[in-house]
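*Asks:* Here's a structure for you.
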Amino acid sequence: MAMPSIHFLANPARFQRFSARILPWLGALTALLWASGLYMALLVAPPDYQQGETVRIMFVHVPAAWWSMAAYALLAGLGAALLVWRHPLAALMARAVAPVGAAYALVCLVSGSFWGRPMWGTWWVWDARLTSMLLLFFLYLGHIALSRAFDDSERGDRAAAVLALVGVVNLPVIKFSVDWWNTLHQPASVMKLDGPAIHPSILTPLLVMAAAYLALLVFLVLLRTETEIGRRRLETAALTGR
Amino acid sequence: MGGFLSMGGHGAYIWPAYGIAVAALGGLLIWSLRARAKVQRELQDRGLDRRARERR
Amino acid sequence: MSRFMALVGRDLRLAWRRPGDAAVVLAFFVLAASLFPLGVGPALETLARIAPGVLWVAALFAAMLSLDRLFADDFADGTLEQLALAPLPLELTALAKCLAHWIVTGLPLAVLSPALGLLFGLDAASIATLTASLLLGAPSLSLLGGLGAALTLGARRGGALLSLLVLPLAVPVLIFGVGAVEALKGGDGVLAHFALLGAFLAGTLAITPWAMAAALRQAVE
């Protein structure tokens, strides 16, 4: 292999060497991004002229939503890599991604709820985006439960891969249907959260927080994939009686 | 400091929102680190770790 | 095609020999729906308002109830392995089983729904729309459910897991199905909802057989 390609990491041993080298640096970067992101979000960013201080919830809420959706796309990509190319590492990485995506979705939902209370006067709004996120959360839970539901781990890997692929095709349809449902039922008084343009003083902390969430996602996925490699090695050892 | 904590009267919503993010993601981080440590310990116990290293 | 129909016929004969299985599903549907008046009170205007949603959700749950047996018996006695090797592609085999499931479960649920609509004080036009939306929506549920059944074949705690997998995927069916009846009250948009239900069915018909076949191969391997 002269050219670096996506197959670079196909070999678990090579992946482990790669992740062992990169994890400390990535961990430091993640911590730095979170520290500066939280600092900017809580202290530097000005209160919004309409929403006041509650706009600060956006900095933990919106990046969680972004990366939770992106992580599902990654999950589907890994599912395809497993089913089509039989990529040995894809299954283990999918196991690593799913709980992180679910946690991000949960953070998005709960922080959205704490945002809704002062903004909308209620803890939960059946707003199109919150409802889609709730369904995404359930899709993650289904993926996690299915991948762990078999005595044979590889069966769980492949079943979950099929589910992720069907889920990613269906997700836009679910999103569309929820939007459709929402326009039928939406009370007109609900205030829209996103203005036409975001001011740079708000955008910069948002982007730093988005980078922090991404760094944490990558860090956790590498760490957990490494764990899954070890776990699979233990399983094989137990089966072969070595 | 009191002003920072009360967040213009909305502290009761802002702090729990940040709290859940830190708790959920921090919890996931700790869980992941402990899981890795446990697996590595087991690999070492069975000598699988060393053999893997020798193979390199 | 004849092989396909033969497989559907076989499943229907099996279901016919054990009418209790289908009857339990229908009984669950009626029971679940009739618990709602006990829960929210007997005022007919309230019941008529929630009826489309309640009946659709009850039908959704009832369909889930019957799904975990869809492939399980064939899997347990080895028939599924033979079907996987048979000349009929596994995609069509899975489709045949879903068609049989729809005939045994979805169709009776839709046929039964007008009676429940009357109990909820729905007017004739709403009942007709509701029944039509169930007729058009139930095949999608059988297909998505069949996928869930194929994926959870041989899994621990299969039944509950199946619902967790299928229900989020089935949300569009629920929304468009209930929406059709609600649109009737608004005066228009019923056809749009039926078009969307039909489009969703076409989509599931195009995708789920492949996914089911992949899942079944994994189970048989």
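What follows is calculated from the coordinates using simple rules that are stated; it is not laboratory data. Because the structure is predicted, anything quoted here is derived from the model rather than measured. Don't worry about glycine lacking a Cβ; one is built from the backbone with ideal geometry, like all the others, and counts go over all protein chains shown.
*Asks:* Mind checking which aspartates and glutamates have their C-alpha under 17 Å from A:Lys175, skipping anything on the same chain fewer than 8 residues away?
*Replies:* Result set, ordered by chain and number: A:Asp127.
*Asks:* Follow-up. With charges set only on the Cβ (+1 for Lys and Arg, -1 for Asp and Glu), what does the dipole of the protein assembly as shown come to about its Cα centre, in debye to the nearest 20?
*Replies:* For this selection, approximately 1880 debye.
*Asks:* Rank C:Glu45, C:Glu81, C:Glu91 by mean-square fluctuation in a GNM of chain C with C-alpha springs under 10 angstrom and give only the top-ranked residue.
*Replies:* Greatest mean-square fluctuation among the candidates belongs to C:Glu45.
*Asks:* Per residue and in cubic angstrom, what volume does the convex hull of the Cα atoms of the stretch A:72-176 have?
*Replies:* It is 82 Å³ per residue.
*Asks:* I've got another one for you. Cα-Cα pairs above 41 Å in the protein assembly as shown: how many percent?
*Replies:* 31
*Asks:* I'd like the Karplus ³J(HN,Hα) series for the stretch C:2-18: coefficients 6.51, -1.76, 1.60, θ = phi - 60°, whole numbers in Hz, and an x wherever there's a Gly or Pro.
*Replies:* Values per residue, Gly and Pro as x: 5, 5, 4, 5, 4, 5, 4, x, 4, 5, 5, 4, 4, 5, 5, 6, 10 Hz.
*Asks:* For a Förster distance of 51 Å, can you work out the FRET efficiency between the beta-carbons of C:Glu45 and C:Ala76, rounded to the nearest 0.05?
*Replies:* The calculated FRET efficiency here is 0.55.
*Asks:* So for chain C, averaging the separation of alpha carbon pairs under 8 Å that are six or more residues apart and normalising by length, what relative contact order in percent results?
*Replies:* 26
*Asks:* Mean separation of Cα pairs under 8 Å and 6+ residues apart, divided by the residue count of chain A: what relative contact order is that in percent?
*Replies:* Across chain A, relative contact order equals 32 percent.
*Asks:* From the residues A:Pro24, A:His143, A:Ala90, which one has its Cα farthest along the dipole of the protein assembly as shown in the positive direction, the dipole being from +1 and -1 charges on Cβ of Lys/Arg and Asp/Glu about the Cα centre?
*Replies:* In the protein assembly as shown, that residue is A:Pro24.
*Asks:* Which listed residue (C:Gly53, C:Gly145, C:Ala22) has the Cα farthest towards the positive end of the charge dipole for chain C, taking +1 on Lys and Arg C-beta and -1 on Asp and Glu C-beta about the Cα centre?
*Replies:* About the Cα centre, the residue reaching furthest to the positive side is C:Ala22.
*Asks:* Could you derive backbone 3J(HN,Hα) for the stretch C:161-171 from the dihedral phi with the Karplus parameters 6.51, -1.76 and 1.60 (θ = phi - 60°), listing whole Hz in sequence and x where the residue is Gly or Pro?
*Replies:* The phi angles translate into 4, 4, 4, 4, 6, 7, 4, x, 5, 8, 3 Hz.
*Asks:* May I ask you to derive the FRET efficiency for C:Asp21 and B:Arg34 from their Cβ-Cβ distance with R0 = 45 Å, giving the value to the nearest 0.05?
*Replies:* 0.45
*Asks:* Taking all pairs of different Cα atoms in the stretch C:172-211, averaging 1/r and flipping that mean, what Kirkwood radius in angstroms comes out?
*Replies:* 10.6
*Asks:* A further question on this structure: When Rg is the radius of gyration of the Cα atoms in chain A and Rh is its Kirkwood radius, what does Rg/Rh come to?
*Replies:* Result for chain A is an Rg/Rh of 1.02.
*Asks:* Residues with amide H under 5 Å of A:Trp124's amide H, sequence separation 5 or more or different chain, H placed in the peptide plane at 1.01 Å from N; which?
*Replies:* Those lying under 5 Å, H to H, from A:Trp124: there are none.
*Asks:* Report the extension gain between C:Arg10 and C:Ala202 in nm, rounded to one decimal, defined as 0.36 nm multiplied by the number of residues separating them, less their alpha carbon distance.
*Replies:* Full-extension gain reported as 66.6 nm.
*Asks:* Most fluctuating residue of A:Phe59, A:Phe15, A:Phe150 in a GNM of chain A with Cα springs under 10 Å: which is it?
*Replies:* A:Phe150
*Asks:* What is the fewest-to-most order of C:His101, A:His199, A:His87 by other Cβ atoms lying within 10 Å of their Cβ?
*Replies:* Least to most surrounded, the residues fall as A:His199, A:His87, C:His101.
*Asks:* Which of these, C:Leu130, C:Leu164, C:Leu141, has the largest mean-square fluctuation under a Gaussian network model of chain C (Cα springs below 10 Å)?
*Replies:* Largest GNM mean-square fluctuation: C:Leu164.
*Asks:* Still on this structure, I have one more. Hey, for a label at C:Ala86 modelled as a point 7 Å past Cα toward Cβ, could you say which residues of the stretch C:1-36 have their backbone N under 20 Å away?
*Replies:* Residues C:1-18 fall inside that zone.
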